[in-house]
1. Sort out which residues of region A:1-15 are touching a strand residue (DSSP E or B) at 6+ places or on another chain (Cβ under 7 Å) and within 22 Å of residue A:311 (Cα to Cα), and write them in order of number.
2. Which one is modelled with the lowest pLDDT, of the residues in region A:253-267 that are under 16 Å from residue A:54 (Cβ atoms) and touching a helix residue (DSSP H, G or I) at 6+ places or on another chain (Cβ under 7 Å)?
3. List, please: which pairs have Cβ atoms under 8 Å, are six or more places apart or on different chains, and start with a residue in region A:470-499 that is at pLDDT below 90 and end with one that is in a loop (DSSP other than H, G, I, E, B) and surrounded by 21 or more Cβ atoms within 10 Å (Cβ to Cβ)?
4. Return the only residue of A:46, A:130, A:108, A:92 being at pLDDT below 85 and loosely packed, with under 12 Cβ neighbours inside 10 Å.
5. I'd like to check something: does region A:442-454 contain any residue that is without any contact (Cβ under 8 Å) to a residue 12 or more places away in the chain, surrounded by fewer than 16 Cβ atoms within 10 Å (Cβ to Cβ), more than 11 Å from RNA strand B (Cβ to nearest atom) and at positive phi?
6. Can you tell me which residue in region A:227-252 is surrounded by the most Cβ atoms within 10 Å (Cβ to Cβ), limited to those that are in a loop (DSSP other than H, G, I, E, B) and out of contact with any helix residue (DSSP H, G or I) (no Cβ under 9 Å at 6 or more places or on another chain)?
7. Within region A:312-326, which residues are near RNA strand B (Cβ under 6 Å from one of its atoms) and in contact with a helix residue (DSSP H, G or I) (Cβ under 9 Å, 6 or more places away or on another chain)?
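The values are calculated or read from the model by the stated rules, or taken from the named source; none is laboratory data. For clarity, every value in this text was computed on a predicted model and none was experimentally measured. Note: ideal-geometry Cβ built from the backbone for every residue, glycine included; neighbour counts use all protein chains shown.
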RNA sequence: GGCGCGUUGGUGUAACUGGUUAACACGCCGCCCUCUCAAGGCGGAGAGCACGGGUUCGAGUCCCGUACGCGCUACCA
């Protein structure tokens with residue numbers, strides 16, 4: 001057990017999206033690899049935009065991904081007193097000052113313009129920056145509103161060694177006197193994180209690259225507070241297909257991890273996919289592999305393996321089949337068809353319960369059949385949801401499954417003779433004493449010879465009659481899985497479907 | 001505008017401290033198998049490493065510049 005402590009600190013302004021999920025994952029992998037602690041902290045200081053529902057969404061997302069934490073969840077909003085105390089401490093030590101500029105003068109609507117203007121001028125120092133402490137105290141005592149700003153020294157620079165991006169430096173003159181405490185007494189983000197990270201003994205801050213410039217400000221605060229600065233590792237961003245920033249507002253549900261849960265992703269598969277977005281193992285012996293178990297990921301994970309350029313997450317809204325990154329879909333399929341059946345089973349059962357296809361007998365008297373059937377059909381499924389859609393014909397006794405129009409046309413309507421052949425075939429099947437793969441195949445082929453038709457005609461016709469589809473596993477496996485009774489009934493029913 | 005970061009096939013990644021025809025995966029295309037395919041097997045196309053200079057016997061790997069992208073630049077996080 002090491003004393004390494006990391007944290008995932010999302011702000012609950014929306015659901016957990018894939019970018020946040022990956023940040024959480026990398027923190028988690030690092031903590032597990034190093035034998036450290038993972039802490040969850042909700043950054044809810046912006047009460048306007050935070051809600052309990054969003055917090056629940058984040059917790060749900062993490063639980064689904066299997067990212068557990070050792071401490072927390074802590075809520076940043078419950079530490080405001082400590083934040084204020086830290087701000088006052090900096091005021092006392094001369095690292096901060098009260099700024100009495102009325103809020104209206106720094107109104108949002110004019111901000112962009114001000115920035116643009118200010119950029120052309122040498123930095124104009126705030127008139128309150130060097131206001132005497134006594135006068136400052138007096139004005140504060142009269143109730144005049146003020147913010148507390150950090151007093152960035154005029155000369156010098158901050159620097160830190162980022163585990164991913166290397167040495168980072170920033171001239172003090174490029175850092176503005178940031179606000180620590182709002183005029184209503186609310187602590188702001190940069191103050192909050194630092195105080196909390198100190199309080200929680202965070203040793204490694206692993207977060208998105210969009211925080212890299214905040215880091216310089218935060219280092220200043222660490223120094224002003226006289227505390228050691230943690231190690232930093234900034235992660236490349238995950239971009240939308242247009243290479244823009246992933247945005248909840250613009251991209252909606254498609255970037256939410258709960259979407260992937262609901263669409264039938266296997267958590268390990270999604271974790272596997274996420275891990276490879278911006279990271280690759282250093283270990284050469286594993287270079288040409290892509291599928292890694294959770295434990296392998298933990299063993300292989302290193303901060304050095306994280307790379308610097310942003311990754312594109314290729315989702316594809318509107319395309320029903322390839323609605324999200326094709327590699328993610330491929331990987332999920334890979335997990336579904338290769339993972340140990342007993343690990344897959346609970347997920348399949350949950351899926352069938354969700355769609356009311358589950359029957360308790362599947363777990364008892366029909367268990368052997370159920371296991372065999374799942375093992376058979378999982379071969380070409382890509383999501384757990386496929387068990388309910390494409391798998392439906394195997395789980396219902398009636399004909400309440402969808403007959404794909406194209407399949408009906410291709411396999412049933414193709415030859416009118418099928419309308420008499422299929423019911424006749426049904427009779428042959430009904431007469432079979434042993435309803436096995438070989439027996440049904442022998443019966444069908446003999447029947448085809450007898451009638452002078454190609455076996456394929458009957459096989460494909462039967463496929464659609466039994467499952468409503470044009471694709472699926474080897475036909476005689478399907479027949480056995482569907483069973484004698486239902487096979488006979490559905491073959492006889494084929495004519496009705498066509499008409 | 002300023003500051004910072006990045007740039008290897010469509011996408012995700014690899015290429016030891018510069019040294020063979022730039023590798024792997026997804027996707028795509030074709031072939032084979034076959035009762036179908038969204039399965040399996042085999043093969044192929046696709047980047048000469050953003051661009052332009054330089055250093056070097058030799059650069060995707062080092063240096064400089066340009067372009068493009070992204071981030072930050074709030075009394076948001």
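1. Within region A:1-15, A:8, A:9, A:10, A:15 meet the criteria.
2. That would be A:253.
3. Cβ pairs passing all conditions: none.
4. A:108
5. Yes: one or more hits.
6. For region A:227-252, the residue satisfying everything is A:241.
7. Across region A:312-326, the qualifying residue is only A:314.
One line per residue, one yes/no per condition, for (1) out of contact with any helix residue (DSSP H, G or I) (no Cβ under 8 Å at 6 or more places or on another chain); (2) under 30 Å from residue A:20 (Cα atoms); (3) at pLDDT 90 or above:
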residue: A:293; (1), (2), (3): no, yes, yes
residue: A:339; (1), (2), (3): no, yes, yes
residue: A:369; (1), (2), (3): no, no, yes
residue: A:378; (1), (2), (3): no, no, yes
residue: A:396; (1), (2), (3): yes, no, yes
